[in-house]
Structures are given as C-alpha cells and as structure tokens.
Amino acid sequence: MQEAKYFTRQTGNRVICTLCPHGCLLADGEEGLCRGRVNRRGTLYATNYGQTISVNLDPIEKKPLYHFLPGNQILSIASNSCNFRCDFCQNFSISQQPQPTFAITPEMLLELCTKHHCSMVAFTYTEPLTWYEFVLDAAGFLQKHHIKTVLVTNGFINPEPLAELLPVIDAMNVDLKAMYDGFYKKICGGALKPVLATIRYAAKHCHLELTNLLIPGENDSDSQIESLIDFVASVDRRIPLHFSKYFPHYLRSTQPTDEKTLYHALEMARAELDFVYLGNIIHSHTTRCPQCGELLITRGTKTTINLQDGSCPSCHYPVYGVWK
C-alpha cells in the first residue's frame, strides 16, 4: 500500500477521501466506494498501488482514439476498481467485483513497451482515476522515457488532483454518459457536473476525444443527443465524438440500440461538430476534411493517413489531433 495523496483527517481516526466528488467518509478500517483506498488508523492508503488486473496490446482506435497517432498499438493496463456503479458496465467482472491482481511497476511497463515496439500506454478498461497514485507515478516515469500516456475514463474526479495529473497525460477519452444528472445518479451512482468540468479542463491541456453510449429509453432522445452535441460544440467543435451502440450486459437487459438511432445521432452531430464516429457497429471509420470533404484517414486492416503537417492537403484546414 502507498499513502494516498488526497484526503483530510477527521476526529476519531476518520478520514475523508478528496480524490473524487464522492468524498467518502471512512472510519478506521473502512474501504472507499472504489475499493482502491482504505483508512488505516487515520491515514488513507491506496491499496491498489502497482496492482493490475489486465495487460494487453490494443490498436489505439479501440480506446477509442481516432485522432491520436492512428494505426499504432498501445499497451493497455487496468486496476480492479471503479468509482461508478453503471448497471450496463461491459467490464463489470474486473471493475465491480474483487479479482486477483498482480504487481507491476513503471519500469516493467517500459520494458513491455520496448519488447513490443510500442510507444504508448493506456490506463483503461476500468477506472484509472481510482488508481490515481500509480497512474501519476507511472505516467511521469514513462513520459521521461518518451512513452505517451492515455486515460480512458469516466472523468469523475476533483479539480485539484486532475490539475496535478494532466501534465503527465498526453490524451484522454472521456465517457460522457448523458447530459442529465438523473442518469448519472440513477444508473451510474455519480453526478454530471464534475464530468463536464473535467472535459472543459482536459480540452485545454491534452488531446481529448469523447464517447457516448446510446442506451434506448435512457439517453437516446433527440433532446438528449442535441444537448450533448451542443455541449461538445461549446467546448470545441473539433473534439472527436464517438457514438457507440449499447448491448445488454451486467444488470441491464434493455434491447440493443437501433442502428437507425446511431445514424440519426451521426447526422445531428455532423451539423455542429467536425469529427463524429460510430462504434460497436460495422461502419466506415474514415475521416474526411470538414471543410472540403477530402479523404484524410482510412482505417481498417491498414491505416492510411493523407495529411500534410497535420492539415488537409487540398484546402490546408488544420485537423485536430496528434499525428507524429
């Protein structure tokens, strides 16, 4: 265990965790909602420090990140913790339930990157923000060795720890689950406002893409989709937005998203945003210039990039992303 960075001591050996907006008040011996932090005699410890549940090589597009070094492999690792309780979680077996973990160090991650000719590491699958101390240390170490770092996250974190973490993070995909607080409270056990704050802040400090899983009857109405599109446009219309198809999983048995809904959301979003994609369906994942329509990126078994210094070769429109 390692002492946690963000907590306040209370009377009677109690502590308040200040990493995320849950603000868990913990008596001696109690564990936080995320299962990654525990109070030991008035000191909060990160019990998941250096403990991982999964190590894999993925295409960067799987995160999904479409405008961050496309066509490359990324080393993906995860902890056994999460600060949400989404009833549709696709990784519930490793995020919602205790499972055996094994030790990993930043040096081991660097060795794996060298072995597999990989220059990126993603903290993903579960919630990396509840793995905060290890992610902070590992990302800082990896950056010094020219390895780029990625967070795939729900964005539910307090401003101060986020500000400390982002200087060592190169890219994020934030799962923006819905645009009304009731969804977060009822289905995820969280809140919307902190996630929106994370997105606004991250957009100024690293490469950012967003994902929205469209769940029938929950967040797929025109008004919900329009609210989400308007928010993204208000931050930066260039931020890539991924609409993803929902499938029944974990505690939710709602029927899968109708693909007509996905294509309708795509049309709505393209009226306001430069780059919109669909996930979890068979669909063209090409990128075209939002200004002239030139084909810029083709994805598939082989990725072809048609850019000149990060801009469209035809009209010279600067394309949001990291390409080198």
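Quick notes on this one:
- For a label point 7 Å along the Cα-to-beta-carbon line of Thr303, residues of the range 94-127 with backbone N under 19 Å: 113-125
- Student exercise, the chain dipole from Lys, Arg, Asp, Glu Cβ charges, in Debye to nearest 20: 400 debye
- Residue ranges 208-221, 5-18 sort as 208-221, 5-18 when ordered by packing (mean number of other C-beta atoms within 10 Å per residue, highest first).
- Beta bridges per DSSP with both ends in the chain, % antiparallel, nearest 5: 50 percent
- Global form of the range 76-190, assessed from the alpha-carbon gyration tensor, a/c cut-off 1.5: prolate
- Cα centroid separation, the range 287-301 to the range 231-247 (Å): 17 Å
- Average projection area in nm² (convex hull over Cα atoms of the range 256-310, one quarter of hull surface): 4.6 nm²
- The spread of Cα positions in the range 184-255, taken along each principal axis and listed from longest to shortest, comes to 38, 23, 20 Å.
- Crossing angle, helix 132-144 versus the chain [Cα axis fit, 0-90 degrees, rounded to tens]: 50 degrees
- Scalar couplings 3J(HN,Hα) for the range 237-243, obtained by applying the Karplus form with A = 6.51, B = -1.76, C = 1.60 to θ = phi - 60°, are 5, 7, 4, x, 10, 10, 8 Hz; x denotes Gly and Pro.
- Taking every C-alpha pair closer than 8 Å and separated by at least 6 residues, the mean separation divided by the residue count of the chain gives a relative contact order of 13 percent.
- Each of His264 and Lys324 was given a label point 7 Å from its Cα along the Cα-to-Cβ line. The distance between the two points is 4.5 nm.
- For the range 14-66 versus the range 134-175, the inter-centroid distance based on Cα atoms is 14 Å.
- Magnitude of the charge dipole, the range 195-284, Cβ model with Lys/Arg +1 and Asp/Glu -1, debye to 20: 300 debye
- Lys/Arg +1, Asp/Glu -1 at C-beta; the range 192-315 dipole; positive extreme among Ala202, Ala271, Asn212: Ala202
- Given charges at beta-carbon only (K, R positive; D, E negative), |dipole| of the range 132-214 in Debye: 260 debye
- Residue-span extension gain [Asn56 to Lys186] - 0.36 nm each, minus C-alpha spacing: 43.6 nm
- Principal axis dimensions, the range 2-46 - Cα atoms, whole angstrom, descending: 22, 19, 16
- Projecting the Cα positions of Pro159, Pro248, Ser284 onto the charge dipole of the chain (unit charges on Cβ atoms of Lys, Arg, Asp and Glu, taken about the Cα centre) puts Pro159 furthest along the positive direction.
- Cα-Cα pairs of the range 30-117 separated by more than 17 Å (percent): 60 percent
- Candidate values [x] 20.1, 63; [y] 19.7, 67; [z] 19.1, 56, label of the one derived for Rg and Dmax of the Cα atoms in Å: [y]
Bear in mind these aren't lab numbers, they're just calculated from the coordinates by the rules spelled out. Please read all numbers here as calculations on a predicted model, not as lab measurements. Ideal geometry is used to build each Cβ from the backbone, glycine not excepted, and the neighbour counts take in all protein chains shown.
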